[in-house]
């Protein structure tokens, strides 16, 4: 197996189908609708031997904020540090655009990466910048996420809590 290559490109329909299937099988992960996946413009795709291995997206929240979201590595490619490489690429892209950065995750590995990047971490939404609060409010009340919440509600009970991280990078990061 060769080293993963990270490319900035749109997802194919087949890759979107793979991602949705992977997210539905992962008990504590929320996902995006097909339409959202198609509309993302800053998509970082990991390929191993020219095969789709994972994805990470930078979501423009407006007001000089980017959310690094949906860090997903297909199961057969886990353990190759692809997730970290995707996160680094998305983080560097946001810094190059001089944007503030937001990440939310329950994955302890992602939380570790957030700490390594010097992000402010919180285990609740209180005190988060208003742009993040507004974005999360709007996202949560989408029809797709409400359905997903009820579909996965039993699996959420014994999982780690969300950790919210942000870094202000408008002037210098």
Fewest-first ordering of 119, 114, 1 by Cβ atoms within 10 Å yields 1, 119, 114
Which order results if 26, 12 are arranged by neighbouring Cβ count within 10 Å, fewest first?
12, 26
Which shape class applies to the range 97-143: rounded if a/c is under 1.5, otherwise prolate when a/b exceeds b/c and oblate if not, where a ≥ b ≥ c are the square roots of the Cα gyration tensor eigenvalues?
prolate
Computed curve, the range 6-52, Cα-only Debye sum without solvent term, log₁₀ I(q)/I(0) at 0.30 Å⁻¹, is -1.20
Please order 120, 110, 104 by the number of other Cβ within 10 Å, starting at the fewest.
120, 110, 104
In Å, what Kirkwood hydrodynamic radius results for the range 55-138 from the alpha-carbon pair distances?
13.5
With no solvent and one point on each alpha carbon, what is the Debye value of log10 I(q)/I(0) for the range 74-122 at q = 0.13, 0.16, 0.24, 0.26 Å⁻¹?
-0.33, -0.49, -0.99, -1.10
Once the Cα gyration tensor of the range 5-167 is diagonalised, what are the square roots of 5 times its eigenvalues, in whole Å and ordered largest first, as equivalent ellipsoid semi-axes?
22, 20, 16
Plugging the Cβ-Cβ distance of residue 9 and residue 134 into 1/(1 + (r/R0)^6) at R0 = 30 Å yields, to the nearest 0.05, a FRET efficiency of 0.55
Ellipticity estimate at 222 nm from DSSP helix runs (n ≥ 4, -39,500 (n - 2.57)) divided over the chain, nearest 500:
-12000 deg cm²/dmol
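Where a number appears in this text, it was derived from the coordinates with a stated rule and is not lab data. Note that the structure is predicted; figures quoted are calculated from it, not measured. Quick reminder, even Gly has a Cβ in these numbers, built from the backbone with ideal geometry, and neighbours come from all protein chains shown.
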